[in-house]
Amino acid sequence: MFKRIDAAADLIRFTFEGQTIEARPGESIAASLLAAGVPALRETPVSGAPRAPYCMMGVCFDCLVEIDGVPNQQACLTAAKAGLVVRRQRGARPFDTTETEAGQ
Ligand code: FES
């Protein structure tokens, strides 16, 4: 579907759902995953429908992923870095009651 138009010399690697993904330094996680042929990055909270990056500029939120255990990260706005552990976001993130307790 998506294909890089030039070859990169120094690729970095991170994982998505346990699969090794190659990326160029500075490239967004979303671009790396699309180039690797990953069809969907998240599942909707209500129906579980798959969603893929759409706008690639931080507007649609269809690229939400979990990065190193932190949910709700926009893959299109996050640069790929070596060793990141990225996972598909399934539904809504769990509500953390410590966030509201700390804010009161
Ligand atoms: S692709 Fe739209 S916010 Fe990331």
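Can you tell me which residue is modelled with the lowest pLDDT among those in region 81-100 that are open to solvent by 30 Å² or more (accessible area, probe 1.4 Å) and among the small types (Gly, Ala, Ser)?
Residues of region 81-100 open to solvent by 30 Å² or more (accessible area, probe 1.4 Å): 81-83, 85, 87-88, 90, 92-100.
In the following step, the residues that additionally are among the small types (Gly, Ala, Ser) were identified as 82-83, 92.
Working: Ala82: 96, Gly83: 97, Ala92: 82.
Applying the filter and picking the extreme gives Ala92.
Each residue in region 1-49 was checked for being of a type in the set (Phe, Trp, Tyr) and not in a loop (DSSP other than H, G, I, E, B), and 2 of them qualify. Working only within region 47-80, note down all residues that are at positive phi, more than 8 Å from the ligand (Cβ to nearest atom) and open to solvent by 40 Å² or more (accessible area, probe 1.4 Å). Selection gives Asp68, Gly69, Asn72. Within region 1-41, being modelled with pLDDT under 95, of a type in the set (Lys, Arg) and closer than 20 Å to Leu84 by Cβ holds for Arg4, Arg24. Filtered by the rule that a residue be open to solvent by 30 Å² or more (accessible area, probe 1.4 Å) and hydrophobic (A, V, I, L, M, F, W, C), region 32-46 gives Ala35, Ala36, Val46. Scanning region 81-92 for residues that are at positive phi and touching a Gly at 6+ places or on another chain (Cβ under 9 Å) yields one hit, Gly91. Scoring Phe16 on the criteria (1) open to solvent by less than 30 Å² (accessible area, probe 1.4 Å); (2) aromatic (Phe, Trp, Tyr); (3) in contact with a Cys (Cβ under 7 Å, 6 or more places away or on another chain) leaves a single failure, condition (3).
The values are calculated or read from the model by the stated rules, or taken from the named source; none is laboratory data. The structure displayed is predicted, hence computed values, not measured ones. Cβ atoms come from the backbone with ideal geometry, glycine included; neighbour counts cover every protein chain shown. For accessibility, only protein heavy atoms count, side chains too; no ligands or nucleic acids. Shrake-Rupley method; radii C 1.70, N 1.55, O 1.52, S 1.80 Å.
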